[in-house]
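Report on the structure given below.
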Amino acid sequence: MSTSWVEVGRIGAPNGVRGWVKVQSFMARPEDLFEQPEWQVRAPNGSRATVRLAEYRRHGAGWIARLAGIEERNAAARLTGGWIEVERDSLPTTAAGEHYLADLVGMAVRNGDGIELGVVDHFVTTPANDVMVVRGSKEHWLPVTPQHLLRVDQVARTIEVDWPADF
């Protein structure tokens, strides 16, 4: 992923027959995703397409959106599984103690005992919280919560966590 793009969501399955798609937002406030009028959609094969948001709304516990030029279910289905990215410059500056998950990928992770667990490979979004996938001599799945994520040093590119090395 280019450093000028930040992954902020994912496109799910079509919703209905008029081109609407389910959308998963990775933003702290999910509705902030829809303040971005233009998205880059990165397909699982790596290809990219620029799309414009036409309209959106809450749907049950999630969100659905219609993208300009997508008028029917088959066109919407071609976007399924695509990652939504926006230009970093279009995002608000993070407050102290806040970080975009994309900025943490590639950072070294150590626990409180100084044992290096590995490097942040990616994140998985779950209903309870995000999970940081750390790959080293083994793979660790760490909840991204204040209890487990103790300190992020952007300059040194390190993260200190409260997590046992043998778990």
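The values are calculated or read from the model by the stated rules, or taken from the named source; none is laboratory data. Note that the coordinates shown come from a computational prediction; the quantities given were computed from them, not determined experimentally. No Cβ is skipped: glycine too gets one built from the backbone with ideal geometry, and neighbour counts run over all protein chains shown. Heads up: the accessible areas ignore ligands, DNA and RNA and are worked out on the full protein's heavy atoms, side chains in. Shrake-Rupley method; radii C 1.70, N 1.55, O 1.52, S 1.80 Å.
Might you let me know whether segment 30-50 holds any residue that is at pLDDT below 90 and of a type in the set (Lys, Arg)? No, segment 30-50 has no match at all. Could you check, for segment 104-120, whether at least one of its residues is under 30 Å from residue 61 (Cβ atoms) and of a type outside the set (A, V, I, L, M)? So far as segment 104-120 goes, no, none of its residues is under 30 Å from residue 61 (Cβ atoms) and of a type outside the set (A, V, I, L, M).
For segment 130-167, a tally of residues being loosely packed, with under 14 Cβ neighbours inside 10 Å and at positive phi returns 0.
Please indicate, with yes or no, whether at least one residue in segment 116-127 is in contact with a helix residue (DSSP H, G or I) (Cβ under 7 Å, 6 or more places away or on another chain) and of a type in the set (Val, Ile, Thr). For segment 116-127, residues in contact with a helix residue (DSSP H, G or I) (Cβ under 7 Å, 6 or more places away or on another chain) and of a type in the set (Val, Ile, Thr): present. Residues of segment 9-45 that are of a type in the set (S, T, N, Q), part of a loop (DSSP other than H, G, I, E, B) and either in contact (Cβ under 8 Å) with a residue 60 or more places away in the chain or touching a helix residue (DSSP H, G or I) at 6+ places or on another chain (Cβ under 8 Å) (or both): 36 alone. With respect to the conditions (1) of a type in the set (Lys, Arg); (2) open to solvent by 60 Å² or more (accessible area, probe 1.4 Å); (3) modelled with pLDDT of 90 or more, residue 66 falls short on a single one, namely (2). Taking the criterion of being within 19 Å of residue 77 (Cα to Cα), polar (S, T, N, Q) and in contact with a strand residue (DSSP E or B) (Cβ under 9 Å, 6 or more places away or on another chain), the residues of segment 12-46 that qualify are 15, 24, 25, 40.
What residue, among those in segment 69-91 that are within 26 Å of residue 101 (Cα to Cα) and among the β-branched types (Val, Ile, Thr), is surrounded by the fewest Cβ atoms within 10 Å (Cβ to Cβ)? By that ranking, first place goes to 80.
Across segment 106-129, which residue is least open to solvent (accessible area, probe 1.4 Å) among those that are in a loop (DSSP other than H, G, I, E, B) and touching a residue at least 40 places away in the same chain (Cβ under 8 Å)? Going through the qualifying residues, I end up with 107. Going residue by residue through segment 114-127, is there one that turns out to be among the polar types (S, T, N, Q) and under 27 Å from residue 15 (Cβ atoms)? Within segment 114-127 (the criterion being among the polar types (S, T, N, Q) and under 27 Å from residue 15 (Cβ atoms)), the answer is yes, since at least one residue qualifies.
Residue count for segment 95-105 under the criterion of being part of a loop (DSSP other than H, G, I, E, B) and open to solvent by less than 40 Å² (accessible area, probe 1.4 Å): the result is 0.
Whenever a residue of segment 71-97 is under 13 Å from residue 51 (Cα atoms) and in contact (Cβ under 8 Å) with a residue 12 or more places away in the chain, its partners that are open to solvent by less than 60 Å² (accessible area, probe 1.4 Å) and in a helix (DSSP H, G or I), lying with C-beta atoms within less than 9 angstrom and at least six residues away or across chains, give the pairs 84/33; 85/102; 86/33.
Here's the yes/no breakdown for (1) more than 26 Å from residue 39 (Cα to Cα); (2) out of contact with any Ser or Thr (no Cβ under 7 Å at 6 or more places or on another chain):
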site: 87; (1), (2): no, no
site: 90; (1), (2): no, yes
site: 93; (1), (2): no, yes
site: 100; (1), (2): no, no
site: 104; (1), (2): no, yes
site: 110; (1), (2): yes, no
site: 115; (1), (2): yes, yes
site: 119; (1), (2): yes, yes
site: 122; (1), (2): no, yes
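In segment 20-55, the qualifying residues are those that are surrounded by 12 or more Cβ atoms within 10 Å (Cβ to Cβ) and among the small types (Gly, Ala, Ser), and the one that is nearest to residue 67 (Cα to Cα) is 54.
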